[in-house]
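Accompanying notes for the structure given below.
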Amino acid sequence: MKIGIPKALLYYYYFPFWDVLFKELGIETVLSEDTSKVILDLGVKKAVPEICVPMKVYTGHIINLLDKNVDYIYIPRFVSLSKGTFMCPKFMGLPDMIKGLFDDIDDKILTNSIISKDDDISDFKIYKDFIVRLGVSKYDLKKALKRAREEWLSFRKLNKKGFDINELLDEDTPQKYDGDITIGLLGYVYNVYDRFMNMDLINTLRKMNVKIITFDMLDEKLIKKYQSRFKKEMFWEFTNKIMGAAYNFMEMDIIDGIIQISAFGCGPDSILEPFLSIDSENAKKPYMILRIDEQTGESHILTRIEAFIDLVRIKKQKLKRVKVENTSEGVI
């Protein structure tokens with residue numbers, strides 16, 4: 001049996017878990033190809049025009065997997081990862097949306113509702129329907145979930161040590177990168193790590209001698225701590241994570257500037273962005289939003305990044321000069 005997994009959305013957060021889960025059950029996992037212009041164009045043509053670009057990309061990956069003759073395509077219905085908050089409605093309705101876009105695909109979709117108290121989605125109750133659908137035993141499913149959890153926790157441990165998710169997923173030897181300035185990079189994992197959609201932003205910044213810290217590299221307890229500083233949390237789980245990371249970045253001395261990657265048409269981001277724009281200015285942290293869509297051009301992105309990085313470097317050098325001058329005058 002072959003199960004297809006789209007390389008989009010929360011693939012960048014949960015693939016190590018899903019991969020081990022299915023392989024432990026004796027099922028082969030088949031990935032769609034990396035996002036490309038072909039996949040994007042397929043998704044744009046098939047998806048609802050008004051939907052956000054990550055969902056259009058996801059639709060393109062579904063088409064790519066259908067061409068690979070898999071037995072099932074795994075499309076989980078993410079509902080909640082913590083008490084009192086929910087996922088974006090598009091995640092909650094994702095299996096239904098895909099069924100509505102394609103004819104005769106119902107039997108190919110393997111889905112389950114993920115309702116969890118935290119990011120650990122290994123609770124047996126979430127997957128008990130797999131026993132009948134996949135023809136596996138309760139014992140084997142529990143054993144597979146335990147191994148999948150161990151693999152995912154190991155992956156997250158490395159990620160939180162500052163290693164790039166793409167390098168971890170690609171099974172490259174992960175590296176630590178340094179730079180003369182440090183940027184806090186905000187955005188949902190599928191915006192931050194989809195190299196095609198963001199014009200390979202992380203590697204572009206590294207070539208400019210910039211060190212990157214992303215929200216997923218921060219400890220969950222730290223993110224929760226900074227979430228609580230906001231008078232009222234957002235309704236959406238990953239939006240809250242971005243918010244907590246943003247306020248942490250604003251207070252971190254090592255962070256010289258903040259870049260947020262946002263996809264055109266994202267409702268939760270449109271609510272969060274004004275708060276971050278105002279509060280980053282109050283915190284005196286340079287802040288820039290990069291909005292991506294199906295028509296974003298590389299030259300446009302590169303020009304804005306270069307200008308922003310130049311601004312951050314100038315500000316850092318100026319602060320260093322002021323500190324040296326004050327020290328020499330006995331102020332410090």
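The values are calculated or read from the model by the stated rules, or taken from the named source; none is laboratory data. On a predicted model such as this, the values are computed, not experimentally measured, just so you know. FYI the Cβ positions are ideal-geometry reconstructions off the backbone, even for glycines, and counts take in every protein chain you see. When the accessible area is computed, the model is the full protein with side chains, heavy atoms only, and any ligands, DNA or RNA have been set aside. Shrake-Rupley method; radii C 1.70, N 1.55, O 1.52, S 1.80 Å.
Just checking: which of the helices (runs of 4 or more DSSP H) contained wholly in region 180-280 hold 2 or more residues that are among the charged types (D, E, K, R) and under 26 Å from Val57 (Cβ atoms)? Because the criterion is at least 2 residues that are among the charged types (D, E, K, R) and under 26 Å from Val57 (Cβ atoms), the helices (runs of 4 or more DSSP H) in region 180-280 that meet it are 201-207, 237-251. Consider region 51-86 and keep the residues that are out of contact with any Ser or Thr (no Cβ under 8 Å at 6 or more places or on another chain) and open to solvent by 40 Å² or more (accessible area, probe 1.4 Å). The one that is nearest to Asp129 (Cα to Cα) is Asp71.
Arg304 passes every criterion in (1) of a type in the set (Lys, Arg); (2) open to solvent by 30 Å² or more (accessible area, probe 1.4 Å); (3) assigned to a helix (DSSP H, G or I); (4) under 28 Å from Lys161 (Cα atoms) apart from (4).
Restricting attention to region 19-29, the residues being open to solvent by 10 Å² or more (accessible area, probe 1.4 Å) and either touching a Leu at 6+ places or on another chain (Cβ under 6 Å) or assigned to a helix (DSSP H, G or I) (or both) number 4.
Might you let me know whether region 240-250 holds any residue that is open to solvent by 10 Å² or more (accessible area, probe 1.4 Å) and within 30 Å of Asp34 (Cα to Cα)? Yes; the residues of region 240-250 include at least one that is open to solvent by 10 Å² or more (accessible area, probe 1.4 Å) and within 30 Å of Asp34 (Cα to Cα).
Residues that are part of a helix (DSSP H, G or I), under 21 Å from Ile3 (Cβ atoms) and among the hydrophobic types (A, V, I, L, M, F, W, C) within region 70-105 comprise Phe91, Leu94, Met97, Ile98, Leu101, listed in sequence order. Of these, Ser36, Ser32, which one is more than 19 Å from Thr239 (Cα to Cα) and either surrounded by fewer than 17 Cβ atoms within 10 Å (Cβ to Cβ) or of a type in the set (A, V, I, L, M, F, W, C) (or both)? None of the other options fit; the residue is Ser36.
On inspection, Ile131 passes the criterion of being closer than 20 Å to Thr29 by Cβ, without any contact (Cβ under 8 Å) to a residue 24 or more places away in the chain and not basic (Lys, Arg). If you go through region 162-193 and pick out every residue that is open to solvent by 70 Å² or more (accessible area, probe 1.4 Å) and without any contact (Cβ under 8 Å) to a residue 12 or more places away in the chain, you end up with 3.
Going through (1) open to solvent by less than 20 Å² (accessible area, probe 1.4 Å); (2) closer than 28 Å to Asn191 by Cβ one by one, Glu151 falls short only on (1).
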